[in-house]
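Single-structure report; data block below.
Every number here is computed from the coordinates shown, using simple stated rules; none is lab data. Just so it is clear, the model here is predicted, and its values are computed rather than measured. So basically every Cβ, Gly included, is an ideal-geometry build from the backbone, and we count neighbours across all protein chains shown.
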Amino acid sequence: MMRIGVITFPGSLDDHDARRAVRLGGAEAVSLWHGEHDLKGVDAIVLPGGFSYGDYLRCGAIAARSPIMSEVIDAANAGMPVLGICNGFQILVESHLLPGGLVRNDHGDFICRDQRLRVESTSTAWTNGFTEGQEITVPLKNGEGGFIADADTIARLEGEGLVVFRYLDVNPNGSMNDIAGIANERGNVVGLMPHPEHATEPGFGPDTALAMRSGTDGLTFFTSVVSSFAASV
Amino acid sequence: MPTIVVEVMPKAELLDPAGKAVAGALHRLGKGHFTSVRIGKRFELTVDGPVDDAVLAEVRELAEEMLANTVIEDVLSVHTLDTETVTAGETH
């Protein structure tokens, strides 16, 4: 069975939900600790949401320099699937595993809503189970989720198909080009502000037309990485 | 012990919602002649040892690599505290 590590930093909030999503996706969830240099032999890594180090300095900035991140960076550069959700996305950009930056929402408010997204790329480790252009709904909750990058970086992300998710209906935080998530060139590292791990089990996800809280669109992130792992062994 | 000051500001072309909120409050207080406010950061690093060019260069590198994220922020200045002529506290 695939083993997926979820790293807990001081101030991580959604590490438990991420481990639950990993299990629902068909993998074994392995708890990893920020202060160690040990990935415990996992096959993929999730950097969960929360407020690591109280968002001191900048969101994700101190976590990006914690001991385990040197192993995460090496593993990511060697092709291991890494998913950064919300604060995890902020840690990925602060680690330079993904380009750009995340700044305070343009309207100044924290936002919490069920967010519609369009899947723009299915050629990543975490999205290969979606169909190109598929529209999904997962929760979004952030205060500093505005994705920005210089013009060259935006052009490269768009030109090379590295925009993985785009906000639909409303741009909730002022992100450039409505970008909700991006990937690296290899497609093994994906970061996004919305929270797929909160939409993985009927009864606990976003509302759908069928029933309250029945949305499980986020589960495909985890089944995607599990099926690509199964195909590779 | 000597202190090195690092000043960081959000890039000018970026929205600064926190600064904008303060400017709005000033406007409501009848201080509308202050047309804009931008909020940055000031770091004070106390050094165990003398401040020489090597230490200043080290702090400049730290400022660019860690204290600021140059994707979203600019390092405005790196200087030792004793070169500051007047601080707000000394004017009282």
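Brief remarks on what is shown
- Highest GNM mean-square fluctuation among A:Pro48, A:Pro67, A:Pro196, for chain A modelled with Cα contacts below 10 Å: A:Pro67.
- DSSP-defined antiparallel bridges as percent of all bridges, the protein assembly as shown, nearest 5: 70 percent
- For A:Val189, the residues 5 or more places off, or on other chains, whose built amide H falls under 5 Å of its own are A:Val82, A:Asn184.
- Percent antiparallel among DSSP beta bridges (both partners in region A:1-148, rounded to 5): 50 percent
- Using distinct alpha-carbon pairs, which all enter the 1/r mean, Kirkwood radius of region A:163-233 in Å: 13.7 Å
- Relative counts (whole %) of C-alpha pair distances in chain A, using bins that are 5 Å wide: 1, 7, 16, 21, 22, 18, 10, 4, 1, 0
- Annotation: region B:3-91 has a Kirkwood hydrodynamic radius of 14.9 angstrom, from the mean reciprocal C-alpha pair distance.
- Built amide H within the under 5 Å cut-off of A:Gly11, gap 5+: A:Tyr53
- The chymotrypsin sites (Phe, Trp or Tyr not before Pro) of region A:1-76 that meet both conditions, a loop assignment by DSSP and at most 12 other Cβ atoms within 10 Å of the site Cβ, are A:Tyr56.
- In order along region A:105-118, phi translates into HN-Hα couplings of 3, 4, 7, x, 9, 5, 10, 9, 7, 7, 10, 7, 9, 10 Hz, rounded to whole numbers, per the Karplus curve 6.51 cos²θ - 1.76 cosθ + 1.60 with θ = phi - 60° and x for Gly and Pro.
- Residues of region B:40-72 with an amide N closer than 12 Å to a point placed 7 Å from the Cα of B:Val5 along the Cα-to-Cβ direction: B:42-45.
- Highest-MSF residue in chain B out of B:Arg42, B:Arg28, B:Arg60 [GNM, Cα springs under 10 Å]: B:Arg28
- For a label point 7 Å along the Cα-to-beta-carbon line of A:Val170, residues of region A:104-128 with backbone N under 15 Å: A:105-117
- Per-residue HN-Hα couplings for region A:41-56 [Karplus 6.51, -1.76, 1.60; θ = phi - 60°; Hz; x = Gly/Pro]: x, 6, 9, 7, 9, 10, 9, x, x, x, 9, 4, 6, x, 6, 4
- Eligible aspartates and glutamates near A:Lys40 by straight Cα distance, threshold 12 Å, same-chain separation 8 or greater: A:Glu71
- Among B:Ala12, B:Ala57, B:Ala25, residue whose mean-square fluctuation peaks in a GNM of chain B (springs only between Cα atoms under 10 Å): B:Ala25
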